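The values are calculated or read from the model by the stated rules, or taken from the named source; none is laboratory data. What you see is a predicted model; the values in this text were computed from it and never measured. Using ideal geometry, Cβ is built from the backbone for each residue, glycine included, and neighbour counts are taken over all protein chains shown.
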Amino acid sequence: MATAEQVKSLIRSHFSNQPQQFFTVALQVAAHEAQQGHQSLAHEIRALVDNAKSRAMHEIPLTPELDHLVLTSMPKERLGALVQSDEMRGRIERVLREYRQKAKLEKHGLTHRRKMLLAGPPGTGKTLTAAVLAGELGLPLFTILMDKIVTKFMGETSAKLRQIFDVVQERRGVYLFDEFDAIGGERSRNNDVGEMRRVLNSFLQFIERDTSDSLIVAATNNPHILDHALFRRFDDVLHYHLPEPTEIKRLIENRLGSFRQKKLCLESAIKIAVSLSHAEIAQACDDAIKESILADRETVTATLLKQMLQERRSAYKASMRG
Ligand SMILES: Nc1ncnc2c1ncn2[C@@H]1O[C@H](COP(=O)(O)OP(=O)(O)O)[C@@H](O)[C@H]1O
Ligand SMILES: [Mg+2]
């Protein structure tokens, strides 16, 4: 049987709505049972927890008012999936390191870095970075749908943001304010620039005041909005770029995985891929893999890969013209 302390702790975490704590205690109960020689009970408890966890993470109810405005997931992405310059990876690793050892920092009155601004062109890994942070730290990822909030609530946007920051405080996780400049842009239906400025300012104030344990990640495709007032609110500002040839190579190799020929020469493929984003290159690799599978081939040929990259390039050019 579980100890009295464990039962109390289960009840407490259930009613204070701390699923993570609940799962931790449930696993302690399983470990306790295993020690007593009740292996099959321990196994059953672990299976229950695993099941509940994967379900819970998809439907962690925020508050009913925030439903549909925040997406919840439990990412599995790891740092290895992210192809970026060494400098960028180093800075992301530092966020992870500080988070993992935050207690050590706290002893000296220091806080771990946890407010990040990611800026750069679409498809260079900003959203992926938020997923990697969550995946590496075992935290849920909450994606705040900024443009939905703005179009749906307009004048009440700041009030909605306040509710969200209450959740940030209560529930530890990675909070991604994706394309947050939706609140600063012309996309707002009423196009009231003054109102949007105010919303942006209150957003920045919420970020500045936040003292939670959560990671706050704001991402933007639109670097124009980055004035100095913005920079100083964040512990880190990361600028994303289109991939360099060495990164293109790594990205293709990663992405092709077991479909990569041992002696695949990538030189000319890389030339075609220059000026495409990571996302477009990844997509071309996936397309090439699919073609190969359908043609009953075990690996992707250089010719096929080049063809798929060329297709992406033409699509890109067409959209530039259009
Ligand atoms: N730096 C990267 N390294 C590896 N894959 C990437 C990278 N950037 C983008 N991708 C691929 O493209 C997809 C979309 O990228 P995303 O992170 O949504 O870009 P962004 O948020 O910057 O627009 C990712 O899920 C991933 O498959
Ligand atoms: Mg994105």
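Numbers at a glance
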{"item": "Unique residue being surrounded by 20 or more Cβ atoms within 10 Å (Cβ to Cβ) and not in a loop (DSSP other than H, G, I, E, B) when the list is L230, L276, L256, L304", "result": "L256"}
{"item": "Those residues of the stretch 101-130 which are within 10 Å of ligand 2 (Cβ to nearest atom) and aliphatic (A, V, I, L, M), in sequence order", "result": "L118, L128, A130"}
{"item": "Filter result (at pLDDT 90 or above and assigned to a loop (DSSP other than H, G, I, E, B)) within the stretch 37-66", "result": "G37, H38"}
{"item": "Selected residue [outside any loop (DSSP other than H, G, I, E, B) and at pLDDT below 95] from L71, L128", "result": "L71"}
{"item": "Filter result for R113 (assigned by TED's automatic domain parsing to the domain that holds D213 and free of Cβ contacts under 8 Å to residues at least 60 places away in the same chain)", "result": "no"}
{"item": "Cross-chain or 6+ apart pairs with Cβ under 8 Å, the stretch 74-91 first and free of Cβ contacts under 8 Å to residues at least 24 places away in the same chain, then surrounded by 15 or more Cβ atoms within 10 Å (Cβ to Cβ) and not in a helix (DSSP H, G or I)", "result": "R89/L82"}
{"item": "Hits in the stretch 70-100 (condition: away from ligand 2 (no atom under 16 Å from the Cβ) and hydroxyl-bearing (S, T, Y))", "result": "T72, S85, Y99"}
{"item": "Residue within the stretch 116-132 that is at negative phi, away from ligand 1 (no atom under 16 Å from the Cβ) and in contact with a helix residue (DSSP H, G or I) (Cβ under 6 Å, 6 or more places away or on another chain) present", "result": "no"}
{"item": "Number of the condition not met by I252 [criteria: (1) β-branched (V, I, T); (2) assigned by TED's automatic domain parsing to the domain that holds L304; (3) closer than 30 Å to K152 by Cα]", "result": "(3)"}
{"item": "Residue in the stretch 140-156 that is assigned to a loop (DSSP other than H, G, I, E, B) and within 30 Å of P243 (Cβ to Cβ) present", "result": "yes"}
{"item": "Test: residue in the stretch 88-97 that is surrounded by fewer than 20 Cβ atoms within 10 Å (Cβ to Cβ), over 28 Å from Q283 (Cβ atoms) and touching a Lys or Arg at 6+ places or on another chain (Cβ under 6 Å)", "result": "no"}
{"item": "Given (1) among the β-branched types (V, I, T); (2) away from ligand 1 (no atom under 16 Å from the Cβ); (3) modelled with pLDDT under 80, index of the condition I225 fails", "result": "(2)"}
{"item": "Some residue of the stretch 211-222 being within 13 Å of ligand 1 (Cβ to nearest atom), of a type outside the set (A, V, I, L, M, F, W, C), modelled with pLDDT under 95 and surrounded by fewer than 18 Cβ atoms within 10 Å (Cβ to Cβ)", "result": "yes"}
{"item": "Unique residue being over 22 Å from the mean Cα position of the chain (by Cα), at pLDDT below 95 and more than 16 Å from ligand 1 (Cβ to nearest atom) when the list is L264, L294", "result": "L264"}
{"item": "Some residue of the stretch 99-120 being in a strand (DSSP E or B) and either farther than 20 Å from R209 by Cα or more than 15 Å from the chain's Cα centre (by Cα) (or both)", "result": "yes"}
{"item": "Residue check for M146: of a type outside the set (K, R), surrounded by fewer than 17 Cβ atoms within 10 Å (Cβ to Cβ) and either more than 14 Å from L238 (Cα to Cα) or away from ligand 1 (no atom under 16 Å from the Cβ) (or both)", "result": "no"}
